[in-house]
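The values are calculated or read from the model by the stated rules, or taken from the named source; none is laboratory data. Since this is a predicted model, take the numbers as computed values, not measurements. Quick reminder, even Gly has a Cβ in these numbers, built from the backbone with ideal geometry, and neighbours come from all protein chains shown.
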Ligand code: ARG
């Protein structure tokens, strides 16, 4: 479906041409003076110079061509040369009804649907999932949903950090604790046990202990760190015992990570990791060397990525250290080769902390220089800011530690529970489940309503508030609509064949004007991959809906036909809000 701005634009464009002017002048926008009109066109001002005419004369002539057009309640030329427009109530309800009939409420999505890989989550196996990974999961999930809604095949890959030093640390810590295990018996020739030698809670405790040990600046500590490096090296060169332990670590850790991501309503199509790219690395490095793309520098192997147009110096991309070890960039490059081979995606989108932006610039440039992707492949890094505490510093727990995600979720669910527990009609169990759902919405909305690149302050009180631009406020509005529709059905009403009538009040019309923006808003959200614009739109809808609700007798309406008309309007409002919450990965209870 054409967006409402395009529809109006087309009418104006015809009028400009009929009056002898360029169609390019017919740019229509939302009015920046909503007190005067709903839409405006400033093309006559722009055309004045070219046509050597006073802008208001041009505007007058254009408006004359549209005189009597039933699409407008009012169209007028206003000095010095603006064209101000107010939509007719009929045109508005027609558009709303057409939206309701369309599968995606009038949104067309991408004209050329394609495959896109979204690389987000990025947890590091065997290390606890903490708030640092929250933003990637929440923003990435939303970006993926925006891509799918546009009609693309979006493949989310968690891309686990599963190949680093943490593995060597765990192996050596395990050796110290349980030296009797067969993995540490050099003469062992049998089959290693299929059962992991630790549980998830042990594993969660082993890594921090090992990490602490490696940092202790004693001789023993350095000895431990050296052993961990050696174990990591052995693992990376395929040692049987190290690989067997690594598999156990991955098995146990993945189960736990899945549970955590499920809790967040974040789901991945692929559970790949850095380790999956490792087999491709030796050939890739050979190839880069042979083609002269990589060269040696101080013993390391690097690819120059500086371009002439760069205003500042860009360090080369290091793909192999002097000791032969691969790096973060190496595995990202090999992963690109793998993705290209397996999916040939038109775009790969990475969602990480913005402090990784240099890394991605280097990787993207190297990939292009080496021809690992086609010229058309889009490589995008969405870098997000830091989640800060109220003190403006990166969020920490009261005791100064990094807070674990599950505690964070619990905190906010508790805050919501405090607010809803007095709702007597709700059994305890439902109240707990609702608090969790609303708490999660509070958390996600609190994050997503900020432009991703910006830092934001994590404020449980504010996020969990039922008023203002918050997740709970939006959900509360949705629940209010759901409950009206439910009651309407209980009264014998029927939600089939609803038709939205012409607006009979200002607040009705305002709600309508907000709803018909939907296709336009979705175009922008998709073009900019901007979940925060979904939030801003929902907030606008919630506000205009609530003022309609307070101004209108809906269920109390005696005139049945009128009541049904309002119900139709509510139904569309709900449809729009539910699509939006879904794009954010937010679930909504039936009552709260
Ligand atoms: N594991 C990384 C971290 O914790 C994030 C991975 C992001 N994805 C990627 N392809 N580099 O910082």
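Among the conditions (1) touching a residue at least 60 places away in the same chain (Cβ under 8 Å); (2) in contact with a helix residue (DSSP H, G or I) (Cβ under 7 Å, 6 or more places away or on another chain); (3) surrounded by 15 or more Cβ atoms within 10 Å (Cβ to Cβ), the only one that residue 523 does not satisfy is (2).
Answer yes or no as to whether residue 132 is on the phi > 0 side of the Ramachandran plot, within 19 Å of the chain's Cα centre (by Cα) and in contact (Cβ under 8 Å) with a residue 12 or more places away in the chain. When the stated conditions are applied, residue 132 does not pass them. In a residue-by-residue description of the stretch 349-371, the property of being more than 13 Å from the ligand (Cβ to nearest atom), touching a helix residue (DSSP H, G or I) at 6+ places or on another chain (Cβ under 8 Å) and closer than 21 Å to residue 147 by Cβ applies to no position. Among the residues of the stretch 262-274, those identified as under 15 Å from residue 156 (Cβ atoms), within 14 Å of the ligand (Cβ to nearest atom) and not in a strand (DSSP E or B) are 268, 271, 272.
In this structure, does residue 281 turn out to be in contact with a strand residue (DSSP E or B) (Cβ under 8 Å, 6 or more places away or on another chain), within 22 Å of residue 377 (Cα to Cα) and not in a strand (DSSP E or B)? Answer is no for this residue. Could we say that residue 108 is in contact (Cβ under 8 Å) with a residue 24 or more places away in the chain and either part of a helix (DSSP H, G or I) or touching a helix residue (DSSP H, G or I) at 6+ places or on another chain (Cβ under 6 Å) (or both) here? Criteria not met by residue 108. Residues of the stretch 508-529 that are part of a helix (DSSP H, G or I) and over 15 Å from residue 86 (Cα atoms): 515, 518, 519, 520, 521, 522, 523, 524, 525, 526, 527, 528. Do we find that residue 590 is at pLDDT below 95 and under 25 Å from the mean Cα position of the chain (by Cα) in this structure? Here the answer is yes, as residue 590 does meet what is asked.
Quick grid of which residues meet (1) in contact (Cβ under 8 Å) with a residue 24 or more places away in the chain; (2) assigned to a helix (DSSP H, G or I):
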{"site": "1", "(1), (2)": "yes, no"}
{"site": "10", "(1), (2)": "no, yes"}
{"site": "36", "(1), (2)": "yes, no"}
{"site": "50", "(1), (2)": "yes, yes"}
{"site": "53", "(1), (2)": "no, no"}
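Of the numbered criteria (1) within 16 Å of the ligand (Cβ to nearest atom); (2) in a loop (DSSP other than H, G, I, E, B); (3) in contact with a strand residue (DSSP E or B) (Cβ under 6 Å, 6 or more places away or on another chain), the one residue 116 fails is (2).
The helices (runs of 4 or more DSSP H) falling completely within the stretch 407-498 that include 3 or more residues that are over 24 Å from residue 531 (Cα atoms) and modelled with pLDDT of 95 or more map to 471-490.
Of all residues in the stretch 316-347, those satisfying the criterion of being farther than 20 Å from residue 306 by Cβ, more than 11 Å from the ligand (Cβ to nearest atom) and in contact with a helix residue (DSSP H, G or I) (Cβ under 7 Å, 6 or more places away or on another chain) are 326, 337, 338, 345. Tell me, yes or no, whether the stretch 140-153 has at least one residue that is within 16 Å of the ligand (Cβ to nearest atom), in contact (Cβ under 8 Å) with a residue 40 or more places away in the chain and in contact with a helix residue (DSSP H, G or I) (Cβ under 9 Å, 6 or more places away or on another chain). Among the residues of the stretch 140-153, at least one is within 16 Å of the ligand (Cβ to nearest atom), in contact (Cβ under 8 Å) with a residue 40 or more places away in the chain and in contact with a helix residue (DSSP H, G or I) (Cβ under 9 Å, 6 or more places away or on another chain), which makes the answer yes.
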